[in-house]
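Student: After the structure tokens below, expect a handful of questions from me.
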Amino acid sequence: MRMVDIISKKRDGNSLSKAEIDFFIEGYTKGDIPDYQASALLMAIYFEDMNDEERQNLTLAMVNSGETIDLSAISGIKVDKHSTGGVGDTTTLVLAPLVAALGVPVAKMSGRGLGHTGGTIDKLESVEGFHVELSQKDFIELVNRDKVAVIGQSGNLTPADKKLYALRDVTGTVDSIPLIASSIMSKKIAAGADAICLDVKTGAGAFMKTEEDAEELARAMVRIGNGVQRNTMAVISDMSQPLGFAVGNALEVKEAIDTLRGNGPEDLTELVLVLGSQMVVLAGQAADLAEARAKLEAVIASGEALAKFKVFLENQGGDASVVDDPSKLPQARYEIDVKAKSSGFVSEIIADEIGVAAMLLGAGRATKEDQIDLGVGLLLRRKIGDRVEAGETLVTIFSNREDVTEVKAKIYASIQIAEQASAPKLVHKIITE
Ligand code: URA
Ligand code: CA
């Protein structure tokens, strides 16, 4: 087989066989196929697309390019959840203990954040003592016993994806549905998921800005998952504004505790119930989404979900007393209110700009080496559609620096007030096939 023939075949609009896709992925991972040939094929895929079978084969080839995590020692159907990335997205912190309280095994491998979207591990580390350095054996034992554990990313998972993603970044081939869908799905499958629940964000703060693009990506991923025997469902959800009120590590842990207690922000609570219902159905613990939702609401009301969060924190060295006393979480030295300059209705809160404002305070990393300041961040006091009078607080800044001029300017630039505005729809669509 010659790489040049594979490139020409795709350039001419033909579909590639499994053997050709395997040849490309294996050869490129090993370094036998040079970047210039891989770039040419990526560009051909960008223009000529891939059919369902090619997408599935590409996904599996990337899974097989490196190590995979074997979760077969954990009983039950292991459901993983993936979000395409949001600002102040506290869902994982709530979902993990919530679905675990219903007996759904959550064996989560998670990462640290880079840029303005925070990582789940960073958020959890605002709880004193909490750590994710577990042996594979302890990880599996914890999930079998208490149904939930989080471990840091380890091993050499999907090296083909790492290499290809870096190449796509510099060759104008990131925005390709077959390439994005196979990239995301290969990582979930390599991490051991039997079933996958996807939260595809749409709106100004999302990777997919329009609902049409988000839906196309969601359908592509659901078809890949179901095609390779991993039951997959997706939700298209709004990211035109940050989710919930809190953006920042300790602030989001507090928000997660409130939500597990049944006192969380409306949008975060709703999204958690929608995603959680899918996870419970995928795990075979409810016949349909309505039954799953009722079960989730019941464990919130009974306090079992919150109790599970305490067990989860304790199991991994964390001080679970923060659940009853969130003032034990890292606190910022200064609280500074950002006030509305005019009266009206909030019509825009650009999520990624709010994320950048939180990052400027130290809540996120601009580079991998940056240290995170766990106590800082932002609390939105108004969301899109809310009434505000001039002089009332829009956002509270939690900072360890007294001078927040730059952060304030970012916040003002990202929030618009108009004569009329209504709240955006949170859940746009549910995709099950
Ligand atoms: N996120 C991924 O993991 N892969 C892509 O290709 C795009 C976004
Ligand atoms: Ca939030």
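Student: Can you go through ALA250, ALA246, ALA292, ALA234 and tell me which one is more than 22 Å from LEU142 (Cα to Cα), within 16 Å of ligand 1 (Cβ to nearest atom), buried (at least 18 other Cβ atoms within 10 Å of the Cβ) and among the aliphatic types (A, V, I, L, M)? Don't jump to the end; show me each part of the working.
Tutor: Values: ALA250 fails: within 16 Å of ligand 1 (Cβ to nearest atom); ALA246 fails: within 16 Å of ligand 1 (Cβ to nearest atom); ALA292 fails: within 16 Å of ligand 1 (Cβ to nearest atom).
Matching residue, one of ALA250, ALA246, ALA292, ALA234: ALA234.
Student: Residue check: is SER186 in contact (Cβ under 8 Å) with a residue 60 or more places away in the chain, away from ligand 2 (no atom under 16 Å from the Cβ), in contact with a Leu (Cβ under 6 Å, 6 or more places away or on another chain) and part of a helix (DSSP H, G or I)?
Tutor: Values: in contact (Cβ under 8 Å) with a residue 60 or more places away in the chain: yes; away from ligand 2 (no atom under 16 Å from the Cβ): yes; in contact with a Leu (Cβ under 6 Å, 6 or more places away or on another chain): no; part of a helix (DSSP H, G or I): yes.
No; evaluated as a whole, the condition is false for this residue.
Student: Determine whether LEU142 is of a type outside the set (S, T, N, Q), at pLDDT 95 or above and surrounded by fewer than 21 Cβ atoms within 10 Å (Cβ to Cβ).
Tutor: Numbers: of a type outside the set (S, T, N, Q): yes; at pLDDT 95 or above: yes; surrounded by fewer than 21 Cβ atoms within 10 Å (Cβ to Cβ): no.
Answer is no for this residue.
Student: Considering LEU134, LEU98, LEU58, which residue is modelled with pLDDT under 95, buried (at least 19 other Cβ atoms within 10 Å of the Cβ) and touching a Leu at 6+ places or on another chain (Cβ under 9 Å)?
Tutor: On the way: LEU98 fails: modelled with pLDDT under 95; LEU58 fails: modelled with pLDDT under 95.
Of the residues listed, the single one that is modelled with pLDDT under 95, buried (at least 19 other Cβ atoms within 10 Å of the Cβ) and touching a Leu at 6+ places or on another chain (Cβ under 9 Å) is LEU134.
Student: A further question on this structure: If a residue must be under 19 Å from the mean Cα position of the chain (by Cα), part of a helix (DSSP H, G or I) and within 16 Å of THR29 (Cα to Cα), how many such residues does the range 153-178 contain?
Tutor: Restricting attention to the range 153-178, the residues satisfying the condition of being under 19 Å from the mean Cα position of the chain (by Cα) are 153-154, 157-158, 161-162, 165, 174-175, 177.
This time we only want the ones that are part of a helix (DSSP H, G or I), so: 161-162, 165, 177.
Next cut, within 16 Å of THR29 (Cα to Cα) only: 161-162, 165.
The qualifying residues number 3.
Student: Does GLY31 satisfy being surrounded by 15 or more Cβ atoms within 10 Å (Cβ to Cβ) and either at positive phi or in contact with a helix residue (DSSP H, G or I) (Cβ under 9 Å, 6 or more places away or on another chain) (or both)? Walk me through how you get there before you give the answer.
Tutor: On the way: surrounded by 15 or more Cβ atoms within 10 Å (Cβ to Cβ): no; either at positive phi or in contact with a helix residue (DSSP H, G or I) (Cβ under 9 Å, 6 or more places away or on another chain) (or both): yes.
Considered against the rule, which asks whether it is surrounded by 15 or more Cβ atoms within 10 Å (Cβ to Cβ) and either at positive phi or in contact with a helix residue (DSSP H, G or I) (Cβ under 9 Å, 6 or more places away or on another chain) (or both), GLY31 comes out as no.
Student: What is the one condition in (1) closer than 30 Å to GLU335 by Cβ; (2) of a type outside the set (S, T, N, Q); (3) outside any loop (DSSP other than H, G, I, E, B) that LEU273 does not satisfy?
Tutor: So LEU273 meets the others, but not (1).
Student: Counting only residues that are closer than 25 Å to ASP32 by Cα, more than 10 Å from ligand 1 (Cβ to nearest atom) and of a type in the set (Val, Ile, Thr), how many does the range 148-187 have?
Tutor: So the answer is 2.
Student: If we scan the range 211-218, do we find a residue that is near ligand 1 (Cβ under 10 Å from one of its atoms), modelled with pLDDT of 95 or more and out of contact with any Phe, Trp or Tyr (no Cβ under 7 Å at 6 or more places or on another chain)? Even if it seems obvious, please write down each step before you answer.
Tutor: Applying the first criterion (near ligand 1 (Cβ under 10 Å from one of its atoms)) to the range 211-218 yields 217.
Restricting the remaining residues to those that are modelled with pLDDT of 95 or more gives 217.
Next, only the ones that are out of contact with any Phe, Trp or Tyr (no Cβ under 7 Å at 6 or more places or on another chain) stay: 217.
Yes, some residue in the range 211-218 is near ligand 1 (Cβ under 10 Å from one of its atoms), modelled with pLDDT of 95 or more and out of contact with any Phe, Trp or Tyr (no Cβ under 7 Å at 6 or more places or on another chain).
Student: A further question follows. Within the group ILE25, ILE7, which residue is within 29 Å of the chain's Cα centre (by Cα), surrounded by 15 or more Cβ atoms within 10 Å (Cβ to Cβ), of a type in the set (A, V, I, L, M, F, W, C) and not in a loop (DSSP other than H, G, I, E, B)? Quick ask: steps written out before the conclusion?
Tutor: Working: ILE7 fails: within 29 Å of the chain's Cα centre (by Cα).
Result of the check over ILE25, ILE7: ILE25.
Student: Let me ask something else about it. If GLY76 passes every condition in (1) under 22 Å from the mean Cα position of the chain (by Cα); (2) surrounded by fewer than 24 Cβ atoms within 10 Å (Cβ to Cβ); (3) in a loop (DSSP other than H, G, I, E, B) but one, which one does it miss?
Tutor: Unmet for GLY76, out of (1) under 22 Å from the mean Cα position of the chain (by Cα); (2) surrounded by fewer than 24 Cβ atoms within 10 Å (Cβ to Cβ); (3) in a loop (DSSP other than H, G, I, E, B): (1).
Student: So ASP70 fits all but one of (1) surrounded by fewer than 17 Cβ atoms within 10 Å (Cβ to Cβ); (2) under 28 Å from the mean Cα position of the chain (by Cα); (3) part of a helix (DSSP H, G or I); what number is the exception?
Tutor: (3)
Student: Further question: Starting from residues that are farther than 22 Å from VAL222 by Cβ and aliphatic (A, V, I, L, M), keep the ones in the range 41-68 and report whichever is nearest to ligand 1 (Cβ to nearest atom).
Tutor: LEU42
The values are calculated or read from the model by the stated rules, or taken from the named source; none is laboratory data. This one's a predicted model, so the numbers in the text were calculated from it and none came from an experiment. All Cβ positions, even for glycine, are placed from backbone atoms using ideal geometry, and neighbour counts span all protein chains on display.
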